[in-house]
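Before any comments, here is the structure.
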Amino acid sequence: MGASIDGLVDELRDAARELDAAVWRAGLSGRFTSTLRSRAEQERLYRAYISGRHPFPVAAPGFSAHEYGEAFDYLVAPAEYQNDVGQTWVSWGGEWGGAADVVHFELPGASARAAARGRDGAGDVPWYVNIASSLPFGLGTSLLFDFLGVPTAARANVSPEQLEILQSIARQQGFRQ
Ligand SMILES: [Zn+2]
């Protein structure tokens, strides 16, 4: 069970293996729940996230350190030790998602690098069209929805937070209201 760490960059894969070993040595258990992600996988997760169906934050496709093999998600049991494991990772020089994303571990600066790569690549692939076509929307921002190509029937129950995300996506794609 769990995701393979094989696709992670060497530096992270070795450290991930050490972290996992340390967890089990301490009498806890842990498993990798997400490691290297394809663009399609990131799109699927992102769609789930902005639809409110994912428990942890998900970066937009192209913008996640997971897509570059520089991050992994790791779930510790018992759960009350998740923070300790995160702090251990930080003490080793890594970056951890903290309270907002307790399962997320990455190389130093990985998310910042991924964001820069995502901005560089924005416009290559109209991924937002795939995502927008299956989103539940609801607020009366029809111009935004039209821009993103969201079918009328799908515009139900968007939260203010989701709307903010969508607005930022649309702005990245050149939307001006
Ligand atoms: Zn993550």
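Data overview
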item: Amide H contacts of SER34 (H built 1.01 Å from N, under 5 Å, at least 5 apart or other chain); result: ALA3, ASP73
item: Most to least packed among 100-110, 59-69, 10-20 [average Cβ atoms within 10 Å]; result: 59-69, 100-110, 10-20
item: Part-to-part distance (alpha-carbon centres) for the stretch 58-111 and the stretch 1-21, which is given in Å; result: 12
item: Radius of gyration and maximum dimension Dmax of the stretch 5-125, Cα, Å; result: 14.2, 47
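Every number in this text was worked out from the coordinates using simple rules, so none of it is lab data. Everything numeric in this text was worked out from a predicted model, so none of it was measured. Positions of Cβ are backbone-derived with ideal geometry, glycine not excepted, and every protein chain shown enters the neighbour counts.
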